[in-house]
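The values are calculated or read from the model by the stated rules, or taken from the named source; none is laboratory data. This is a predicted model, so every value here is computed, not measured. Using ideal geometry, Cβ is built from the backbone for each residue, glycine included, and neighbour counts are taken over all protein chains shown. Quick note on the areas: whole protein, heavy atoms, side chains included, nothing else; ligands and nucleic acids left out. Shrake-Rupley method; radii C 1.70, N 1.55, O 1.52, S 1.80 Å.
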Amino acid sequence: RRKIKFLQSDGGKEYFSVQYTSYLQQMGIRREFSCRYMPEQNGLAERKNRSVVEAAREMLEEKSWPKFYWAEVVRTAVYIQNRIREKVLAHELHFRRKLNLRNLRVFRSIAYVHVSKLDAKGEKCILVCYSDEQKRYKCYNPPNQTNLDKSRCCVR
């Protein structure tokens with residue numbers, strides 16, 4: 001596992017809390033700052049943010065999904081971009097084993113969520129985004145207008 005050596009960020013106030021500063025010191029992470037309101041000084045991060053936002057916008061437009069779900073769509077875009085070919089190859093070279101991509105599903109595909117043992121069938125939902133853990137998805141149930149975050153979400 002790789003260790004984070006330094007963190008570069010702008011001079012935003014959210015990066016100066018006592019807890020955050022002590023955590024970084026405890027982990028041995030060096031901090032570097034660019035000037036506030038100067039995104040061009042942090043070009044790599046700005047380019048990555050732009051790629052994520054463009055992917056999310058395309059996903060929203062492609063599936064005619066409301067902007068209300070932008071956070072889930074951005075999360076899905078990041079999840080997928082973290083598994084693109086270059087990163088998969090780097091992972092396989094570093095760990096000398098294949099990266100498991102079997103849990104990838106099509107955005108907004110039909111999913112069936114198993115809610116309880118007594119239910120005859122799962123609830124028919126739409127896959128919205130991936131959870132932090134593998135094989136977990138966040139699903140949306142249009143008739144009930146509810147978000148579901150279940151560990152058993154089978155996508156066909």
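Six or more apart or on different chains, Cβ under 7 Å: which pairs go from a residue in the range 2-21 that's at negative phi and assigned to a loop (DSSP other than H, G, I, E, B) to one that's modelled with pLDDT under 80 and not hydroxyl-bearing (S, T, Y)? Could you list them?
What qualifies is D10/R36; D10/N42; G11/C35; G11/R36; G12/R36.
State which residue is modelled with the lowest pLDDT when the search covers only the range 1-24 and only residues that are over 22 Å from E46 (Cβ atoms), open to solvent by 100 Å² or more (accessible area, probe 1.4 Å) and not aliphatic (A, V, I, L, M).
R1
Restricting attention to the range 93-113, and to residues there that are open to solvent by 80 Å² or more (accessible area, probe 1.4 Å) and part of a loop (DSSP other than H, G, I, E, B), which single residue is nearest to A56 (Cα to Cα)?
It comes out as V106.
Which members of the range 60-71 meet the condition of being within 20 Å of L104 (Cβ to Cβ), in a helix (DSSP H, G or I) and open to solvent by 30 Å² or more (accessible area, probe 1.4 Å)?
Initial filter on the range 60-71 (within 20 Å of L104 (Cβ to Cβ)): 60, 62-63, 65, 69, 71.
Checking the rest, the ones that are also in a helix (DSSP H, G or I) come to 60, 62, 69, 71.
Correct list: E62, A71.
Listed residues A55, A45, A90; which is modelled with pLDDT of 85 or more, open to solvent by less than 70 Å² (accessible area, probe 1.4 Å), not aromatic (F, W, Y) and not in a loop (DSSP other than H, G, I, E, B)? Spell out how you get there, then give the answer.
Working: A45 fails: modelled with pLDDT of 85 or more; A90 fails: modelled with pLDDT of 85 or more.
Exactly one residue qualifies, and that residue is A55.
Just need a number here: residues in the range 115-138 that are farther than 23 Å from A71 by Cα and at pLDDT below 75.
Result for the range 115-138: 7.
Kindly list, by first and then second residue, each pair from a residue in the range 86-104 that is over 22 Å from L127 (Cβ atoms) and without any contact (Cβ under 8 Å) to a residue 12 or more places away in the chain to a residue that is open to solvent by less than 80 Å² (accessible area, probe 1.4 Å) and assigned to a loop (DSSP other than H, G, I, E, B), limited to pairs with Cβ atoms under 6 Å and residues at least 6 apart or on different chains.
Between residues of the range 86-104 that are over 22 Å from L127 (Cβ atoms) and without any contact (Cβ under 8 Å) to a residue 12 or more places away in the chain and residues that are open to solvent by less than 80 Å² (accessible area, probe 1.4 Å) and assigned to a loop (DSSP other than H, G, I, E, B), the close pairs are H91/L99.
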